[in-house]
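A.B. asks: Here it is, the structure, as structure tokens.
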Amino acid sequence: MELRSYDFKIGDWYVSISECSLSSDTEVLHIEPKAMEVLEMLAQAQGELVSRGAIMEKIWHGRHVTDYALNNVIASLRKYLDVENKNKYILTRPKRGYQLNCDLVWAPTKVDPIPSNSAIITSPDLVIQQALINEPNNEKIKQTKQRSWILTVCLLLLITIGVFSAVYPTKSSDNPQPILEKKSVAVLPFKVVTDTPEIAYLAKGLASELITQLGFNHNIFVYDRRSSFGLVGQNPDSRDPKVLSDMLGANYVLDGAISKVAEQTKIKVTLYNELGVDLWSANFNVNSDSIFVLQDDIIRAVYTTLDSKPLVQTEAGQYYRSANPEAFQHLLQGRALNGKGSLEAYQQAIIHFKMAIEFDPNYASAYVDLATGYLVLFSHRNLSLEDANIKAKPLIDKALSLQPKLPAAIATQGIFAMYNGQTNKAIDYFYEALTLDPSLIVARTNIAYLYKTQMQYEEALFHYKTAKKQHPLDPGINHSIARILLETGQLAASYATLETCVGVSTNSTNCPLELAFLQRLVGQPEAAGKTFEALLEWYKYEDDFYISQNKGFHAWWDKDLTLALVYFENLHEKHQAQYNFLPSLAWLKWQQGDTKSFYQDLSRQSQLDEAFNTEYQLRALAILAYALEDCDGVFSYYQQLADVKPLVHGQFSEIVEGFSMTLNMAACHIREQKMSLAIPLINKVTESLDKADELAKQAPGVVLIQAKLDSLKGKTIDTATLKARFASSQYPHSWMLEQDWAFKLKQ
């Protein structure tokens, strides 16, 4: 008998609620937390109807979302459970709700829950049905007693088996076999053997297209191009499939070499296993008319070698393939240029996407890539949002008119909505795209980003970690995961994530900057200095905003206040109220005793021009008001801040530096003798500290906040011991013990 950890079984699937997983005898699937919550609600109802309203109230906690959000979650669940038969597991009751349509068996250690029908059946036309459910039923009582008797016998039998197994261990061959994961493939950019410009794009473009095509087969897991291409890009001469397989964790590596002799283009393609053994290899002669045949032959050979039959393709997989080879080649050239990541390359790519449309006016993928190109130019501040909208919107509409279920087109709709501040609509579009194609990483990372900005960290982490499986080396994904871990007090996990990222992403600034920042926070100034200096050795853009901001931060933490002030004031002069250096500048001004004049300057700006009332300016004003013991100003600015961005009480990213706006407000309430208002705020910070890991609790900034928290609770603070501890870790903000009036506050 196979042993496994699960909460309940439906059909062929064993469901683990805590792990958000579905497992069968052949595979394990990890699903979104919200999808698991819905599935748990349906299971708890034991086949009875669960209303749409009840689901939305519980899953989204009363937050307004569109009906489309729930539709997407249900569609996603159905796709995971059975892509071919959407009604096999979940039935839709139009305008009413959903119910399970399959056998449900709870794990032996769990007692079958009693459905709370009064909470879940809310449609008026079900009043009679509910009355019947609530009536005593002797037959049901009898069945329940029988089930309880059987359950007791089963539990005794399990205990007996457990004791027997401990005395007489089973042979290894008797142990349950691990559930098989999907076969994973890394596709490398094909090697250019002869340096001919016209075939160079084909090396990456064809490999990228193979990744897309193989990804439509949900029996195979394909790594994102940026991870496999990035590894080869860091060391072009090292293409050892065993080494690359180890670094990515791939079961198979697909590699190729392309050359041009006279007028003939030749490609050799090889599929290796994780030991570097050649499983299949073939040579192809390529011309403009055979490029599609070549692509299909390679995909067919991979399927045959891996013994993996593709699933019946959904409408999303049946995308339009241009019959015009010139259009296809321009599309590949444009995508190859996008892979370079520079502004000039993006601009050149747009030209190729336009040419693809010229050769084939019905090429939906080319319209999508062209629209995305304009949005990318906006993100690089090369195009105004208004101009990007004017150019991108008709292209997105055209792509969708040609192919309404093209996942990339729907995801681009999401990017368009996101850039235009339509967060809920963007999330809906990204979910729709992921329902059609769960491997679409652009939708996955963008929905994760939106959840992160809304501080919905559980959902954000799920999507980032799912994206990381496809793209394990991406510095942006790893940096975002590390940042969320920091925000939630999991500093040890954040530190490990960043160290790994720095080790494999040699041309990224995100991870080393964040690692150096974190090393400062946990009291490792020497390590932080080495990490930051190593970055500056190869990254030579002195005027880069983030480099300047971090130079100011490190100078400040090295107690060079004059140099820190130069960096922060230069940033303020250039960027005014637009970035998060401004609260740091306010804090630095407070430390230097220049609080009043800076407070007056920022206040004047805010009164004269609404554009200055950004999140960062309001935070800075609140810090300065607190420093000046102006509690009316503190409450006013925090209230304005709540209107701009919802306040997150007990936010750990502030606490770990040694600052907490939550405790500042609590101090003001205590000063005004309003303990009923102060206590909930104190409790929020206490909860945040309790959830932090041990590395976080030892961070000097956290120790300072704990001392402030204790002081506000009326405890005596040993200032001398704290100062000695801060000096040993070179924490620069022990001045707060003297200058923060909350430490002298008497309740």
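A.B. asks: If E499 meets every condition in (1) of a type in the set (D, E, K, R); (2) assigned by TED's automatic domain parsing to the domain that holds Y626; (3) part of a helix (DSSP H, G or I) apart from one, which number is that one?
C.D. replies: (2)
Residues checked against (1) touching a residue at least 24 places away in the same chain (Cβ under 8 Å); (2) polar (S, T, N, Q); (3) in contact with a helix residue (DSSP H, G or I) (Cβ under 7 Å, 6 or more places away or on another chain); (4) exposed (fewer than 15 other Cβ atoms within 10 Å of the Cβ):
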residue: N362; (1), (2), (3), (4): yes, yes, yes, no
residue: S365; (1), (2), (3), (4): yes, yes, yes, no
residue: L377; (1), (2), (3), (4): yes, no, yes, no
residue: A388; (1), (2), (3), (4): yes, no, yes, no
residue: P394; (1), (2), (3), (4): no, no, no, yes
residue: L406; (1), (2), (3), (4): yes, no, yes, no
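A.B. asks: While we're here: Out of all the residues in the stretch 622-642, which are more than 26 Å from the chain's Cα centre (by Cα) and under 27 Å from L450 (Cα atoms)? Explain how you work it out, then say what you get.
C.D. replies: Kept after step one, since they are more than 26 Å from the chain's Cα centre (by Cα), are these residues of the stretch 622-642: 622-640.
Within the stretch 622-642, A622, Y637, Y638, Q639, Q640 meet the criteria.
A.B. asks: Check K465 against each of (1) closer than 27 Å to L521 by Cα; (2) crowded, with 21+ Cβ neighbours inside 10 Å; (3) not hydroxyl-bearing (S, T, Y) and name the one condition it does not meet.
C.D. replies: Result: K465 passes all but (2).
A.B. asks: While we're looking at this one, here's another question. Could you tell me which numbered condition A564 fails, if it satisfies all but one of (1) over 22 Å from L628 (Cβ atoms); (2) among the hydrophobic types (A, V, I, L, M, F, W, C); (3) buried (at least 21 other Cβ atoms within 10 Å of the Cβ); (4) assigned by TED's automatic domain parsing to the domain that holds L621?
C.D. replies: Failing condition for A564: (1).
A.B. asks: A further question on this structure: Can you name the condition, by its number, that W556 falls short on among (1) surrounded by fewer than 19 Cβ atoms within 10 Å (Cβ to Cβ); (2) under 21 Å from K589 (Cα atoms); (3) touching a helix residue (DSSP H, G or I) at 6+ places or on another chain (Cβ under 9 Å); (4) not acidic (D, E)?
C.D. replies: Going through the list (1) surrounded by fewer than 19 Cβ atoms within 10 Å (Cβ to Cβ); (2) under 21 Å from K589 (Cα atoms); (3) touching a helix residue (DSSP H, G or I) at 6+ places or on another chain (Cβ under 9 Å); (4) not acidic (D, E), W556 breaks only (1).
A.B. asks: Sort out which residues of the stretch 596-616 are part of a helix (DSSP H, G or I) and over 14 Å from V644 (Cα atoms), and write them in order of number. Let's see the steps before the verdict.
C.D. replies: Within the stretch 596-616, the subset part of a helix (DSSP H, G or I) is 596-608, 610-612, 615-616.
K596, S597, F598, Y599, Q600, D601, L602, S603, R604, Q605, Q607, L608, listed by residue number.
A.B. asks: Still on this structure, please answer the following. So which of I410, I415 is touching a residue at least 24 places away in the same chain (Cβ under 8 Å), in contact with an Asp or Glu (Cβ under 6 Å, 6 or more places away or on another chain) and assigned to a helix (DSSP H, G or I)? Give the derivation first.
C.D. replies: Details: I415 fails: in contact with an Asp or Glu (Cβ under 6 Å, 6 or more places away or on another chain).
From the options I410, I415, the qualifying one is I410.
A.B. asks: Please list, ordered by residue number, the helices (runs of 4 or more DSSP H) wholly in the stretch 617-736 having 1 or more residues that are surrounded by fewer than 17 Cβ atoms within 10 Å (Cβ to Cβ), of a type in the set (K, R) and in contact with a Phe, Trp or Tyr (Cβ under 7 Å, 6 or more places away or on another chain).
C.D. replies: Details: elements: 631-644, 652-655, 661-671, 675-691, 694-697, 700-712, 719-728.
Output list is empty.
A.B. asks: Identify all residues within the stretch 1-51 that are basic (K, R) and surrounded by 20 or more Cβ atoms within 10 Å (Cβ to Cβ); write none if there are none. Before the answer, list the steps.
C.D. replies: First, pick out the residues of the stretch 1-51 that are basic (K, R): 4, 9, 34.
Within the stretch 1-51, just K34 meets the criteria.
A.B. asks: Go through the stretch 300-342 residue by residue and tally those that are surrounded by fewer than 18 Cβ atoms within 10 Å (Cβ to Cβ) and either acidic (D, E) or at pLDDT 85 or above (or both). If you could, list the steps in order and put the result at the bottom.
C.D. replies: Of the stretch 300-342, the ones surrounded by fewer than 18 Cβ atoms within 10 Å (Cβ to Cβ) are 300-301, 303-305, 307-315, 318, 320-321, 323-326, 340-342.
Then keep just the ones that are either acidic (D, E) or at pLDDT 85 or above (or both); that gives 300-301, 303-305, 307, 315, 326.
Residues in the stretch 300-342 being surrounded by fewer than 18 Cβ atoms within 10 Å (Cβ to Cβ) and either acidic (D, E) or at pLDDT 85 or above (or both): 8 in total.
A.B. asks: Looking at A433 and the list (1) touching a His at 6+ places or on another chain (Cβ under 7 Å); (2) farther than 23 Å from L248 by Cα; (3) aliphatic (A, V, I, L, M), which single condition is not satisfied?
C.D. replies: (1)
A.B. asks: Further, regarding this structure: If Y546 satisfies all but one of (1) in the same structural domain as A586 (by TED's automatic domain parsing); (2) modelled with pLDDT of 90 or more; (3) in a helix (DSSP H, G or I), what's the number of the condition it fails?
C.D. replies: Evaluating Y546 over (1) in the same structural domain as A586 (by TED's automatic domain parsing); (2) modelled with pLDDT of 90 or more; (3) in a helix (DSSP H, G or I) leaves (2) as the failure.
A.B. asks: Is it fair to say K398 is free of Cβ contacts under 8 Å to residues at least 24 places away in the same chain, farther than 30 Å from H649 by Cβ and in a helix (DSSP H, G or I)? Quick ask: steps written out before the conclusion?
C.D. replies: Numbers: free of Cβ contacts under 8 Å to residues at least 24 places away in the same chain: no; farther than 30 Å from H649 by Cβ: yes; in a helix (DSSP H, G or I): yes.
Criteria not met by K398.
A.B. asks: For the subset of the stretch 345-392 comprising residues that are farther than 19 Å from Q413 by Cβ and under 25 Å from the mean Cα position of the chain (by Cα), which member is modelled with the highest pLDDT?
C.D. replies: Filtering the stretch 345-392 for residues that are farther than 19 Å from Q413 by Cβ and under 25 Å from the mean Cα position of the chain (by Cα), the one modelled with the highest pLDDT comes out as Y346.
A.B. asks: Same structure again: Please go through the stretch 1-55 and give me each residue that is assigned to a helix (DSSP H, G or I) and in contact with a Ser or Thr (Cβ under 7 Å, 6 or more places away or on another chain), ordered by number.
C.D. replies: Taking the stretch 1-55 first, the residues assigned to a helix (DSSP H, G or I) are 33-44, 52-55.
A35, G53, A54 - these are the residues of the stretch 1-55 that are assigned to a helix (DSSP H, G or I) and in contact with a Ser or Thr (Cβ under 7 Å, 6 or more places away or on another chain).
A.B. asks: So, in the stretch 321-347, how many residues would count as being part of a loop (DSSP other than H, G, I, E, B) and of a type in the set (G, A, S)? So that I can check it myself, show each step before the final result.
C.D. replies: Step one: filter the stretch 321-347 for residues part of a loop (DSSP other than H, G, I, E, B), giving 321-324, 339-342.
If we keep only those that are of a type in the set (G, A, S) as well, we get 322-323, 339, 341-342.
Residues flagged as part of a loop (DSSP other than H, G, I, E, B) and of a type in the set (G, A, S) within the stretch 321-347 amount to 5.
A.B. asks: So if I check each of S584, S597, which one is free of Cβ contacts under 8 Å to residues at least 40 places away in the same chain and buried (at least 17 other Cβ atoms within 10 Å of the Cβ)? Explain how you work it out, then say what you get.
C.D. replies: Numbers: S597 fails: buried (at least 17 other Cβ atoms within 10 Å of the Cβ).
Within the list S584, S597, the selection yields S584.
Residues checked against (1) charged (D, E, K, R); (2) at pLDDT below 90; (3) not assigned by TED's automatic domain parsing to the domain that holds L681:
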{"residue": "K551", "(1), (2), (3)": "yes, no, no"}
{"residue": "W556", "(1), (2), (3)": "no, no, no"}
{"residue": "E569", "(1), (2), (3)": "yes, no, no"}
{"residue": "L585", "(1), (2), (3)": "no, no, no"}
{"residue": "L602", "(1), (2), (3)": "no, no, no"}
{"residue": "A627", "(1), (2), (3)": "no, no, no"}
{"residue": "S636", "(1), (2), (3)": "no, no, no"}
{"residue": "K645", "(1), (2), (3)": "yes, yes, no"}
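A.B. asks: Just to be sure I understand, how many residues within the stretch 74-122 are in a loop (DSSP other than H, G, I, E, B) and at pLDDT below 55? First the steps, then the outcome.
C.D. replies: Quick first cut of the stretch 74-122, residues in a loop (DSSP other than H, G, I, E, B) only: 82-89, 94-96, 101-103, 107-116, 121-122.
Going one step further and asking which of them are at pLDDT below 55, we end up with 109-116, 121-122.
Adding up the residues that qualify gives 10.
A.B. asks: For the stretch 668-688, what are the residues that are in contact (Cβ under 8 Å) with a residue 40 or more places away in the chain and under 23 Å from E657 (Cβ atoms)?
C.D. replies: The answer is C668, I670, S688.
The values are calculated or read from the model by the stated rules, or taken from the named source; none is laboratory data. Computed from a predicted model, the values in this text were never measured in an experiment. With ideal geometry, Cβ positions are generated from the backbone for all residues, glycine too; neighbour counts draw on all protein chains shown.
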